[in-house]
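Laboratory data are not the source of any read-out in this text; all were calculated from the coordinates shown. Computed from a prediction, not measured in an experiment: that's the story for all the values here. Using ideal geometry, Cβ is built from the backbone for each residue, glycine included, and neighbour counts are taken over all protein chains shown.
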Amino acid sequence: MKRYRNGEIWDFEDEMPVSPDGSEVVLGLDGGTTSTVCVCMPFFPLSDRPLPDPVPVLARAVAGCSNHNSVGETAARETLEQVMADALSKSGSNRSAVRAVCLAVSGVNHPTDQQRILSWLRDIFSSHVKLYVQNDAVAALASGTMGELHGCVLIAGTGTIAYGFTEDGREARAAGAGPILGDWGSGYGIAAQALTAVVRAHDGRGPQTALTYSILRALSLSSPDELIGWTYADPSWARIAALVPVVVSCADAGDEVANKILLESVEELASSVKAVVQRLGLCGEDGKGSFPLVMVGGVLEANKTWDIGKEVVNCIYKDYPGTLPIRPKVEPAVGAALLAWNFFMKEAHK
């Protein structure tokens, strides 16, 4: 295996013995717009027995954004390589122990994205290591289905995407195009609408709203005019999305503008799921068939009285009563590790 251009990242291996048989591992990576997580999981050999529950995690490492659309390809690669090295080092393992890697990263939207990353990974790992590259939504789905690709996942954090798979391998997605192309319903989308509402109210183009006082207080600003400088000084998606709890609090307190923003976000998130379900026929011919819907992301977590996730499910139920909402017991990075293991097992049984 090569050391790649950041050879110093792997210097810790020089002081480690080659891992003996029986101590092999699997790596799972979940790379999003806000952070990147890598977990190192023991490799379980061919067996008819189910995986242990809970799934053991040997080590976990965290780094920054690894979406190449946000930080550029060079920075994304450095982040991904560093977080893998950190996880292996923490687990007392090295690359010789790795059997499979599943890298699930936001920004992987086309086969060319997959091939580019696979080529780079092949420079890092030996030829016997099985490598899989997916969109981060796939790992999120797997975190709720224990590594099986079937059903739909809705991610609503800084960004949003709905992604679905059928048992015969067909897939479809909706949303996930980033803030410029309309990730409405995402944390960024909700907060951006709130900021816009404050500016409109200040101009006299929109109704007055409690969002003005609450957002200015949260940002330690004294006037809506200062929002312009604050926003464009660092218009990063995660920084804007961090204002979502303020919007929810205002809606809880009865602010009509904040309430309308959240209601529209519910409709947008539900419509993304419905589009995927319809295209894949996950609900069956009669529209009443059951399918898992994995719910992931801070926007979908229970927030005081205004529970966005609950409202999204209720909206989907109206058209697809067979929806089976799942809140994952493991994080998406573990879902990616389970995917790597399942992909490996399926290939081994061919």
Inset, instruction - Go ahead and estimate [θ] at 222 nm for the chain from helices alone: -39,500 (n - 2.57) per DSSP H run with n ≥ 4, summed, over the residue count, rounded to 500. - result: -13000 deg cm²/dmol
Legend entry - Contact order relative to length of the chain, as percent, for alpha carbon pairs under 8 angstrom and 6 or more apart: 21 percent
Inset, instruction - Quick one: dipole size for the chain, taken about the Cα centre, charges +1 on Lys/Arg Cβ and -1 on Asp/Glu Cβ, in debye to the nearest 20. - result: 340 debye
Inset, instruction - Work out, step by step, the length gained on full extension between D11 and R279: first 0.36 nm times the residue separation, then minus their alpha carbon distance; give nm to one decimal. - result: 91.7 nm
Legend entry - Cα long-axis angle, helix 332-348 against the chain (0 to 90 degrees, to the nearest 10): 40 degrees
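What longest region of the chain stays clear of GluC sites (Glu not before Pro) that DSSP places outside H, G, I, E and B and that have at most 13 other Cβ atoms within 10 Å?
1-166
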Legend entry - For a label point 7 Å along the Cα-to-beta-carbon line of D319, residues of region 138-181 with backbone N under 13 Å: 174-175
Legend entry - Positive-end residue of I228, L269, Y188, charge dipole of region 188-272 with Cβ unit charges: I228
Legend entry - Ascending count of other beta-carbon atoms within 10 Å, so fewest first, for K318, K274: K318, K274
Legend entry - Cα-based helix-to-principal-axis angle, 73-91 vs the chain, degrees rounded to 10: 60 degrees
Legend entry - Computed label-point distance, nm, for sites A218 and L118 using a 7 Å Cα→Cβ extension: 4.2 nm
Inset, instruction - Filter the trypsin sites (Lys or Arg not before Pro) in region 108-176 to those in DSSP coil with at most 14 other Cβ atoms within 10 Å of their Cβ, and list the result. - result: R170
Legend entry - Given (1) 1.11; (2) 1.06; (3) 1.01, the label whose value is Cα Rg over 2.2 N^0.38 Å derived from this model: (2)
Inset, instruction - Just grab the label-to-label distance for A348 and D234, each label 7 Å out from Cα along the Cβ direction, in nm (one decimal). - result: 4.5 nm
Inset, instruction - Give me the distance in nm between label points sitting 7 Å out from Cα along the Cα-to-Cβ direction at T196 and S35, one decimal. - result: 3.0 nm
Legend entry - Cα shape, region 293-350, gyration tensor, a/c 1.5 rule: oblate
Inset, instruction - Distance check, please: which entries in K260/K329; K274/K329; K274/K318; K288/K318 exceed 21 angstrom between their Cα atoms? - result: K260/K329; K274/K329
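Most exposed first by the Cβ proxy, i.e. fewest other Cβ within 10 Å, how do S23, S272 rank?
The fewest-first ordering by Cβ neighbours comes to S23, S272.
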Inset, instruction - Quick one: dipole size for region 187-319, taken about the Cα centre, charges +1 on Lys/Arg Cβ and -1 on Asp/Glu Cβ, in debye to the nearest 20. - result: 80 debye
Inset, instruction - Round to the nearest 10 and give me the degree value, 0 to 90, for the angle of helix 187-203's Cα axis relative to the longest principal axis of the chain. - result: 20 degrees
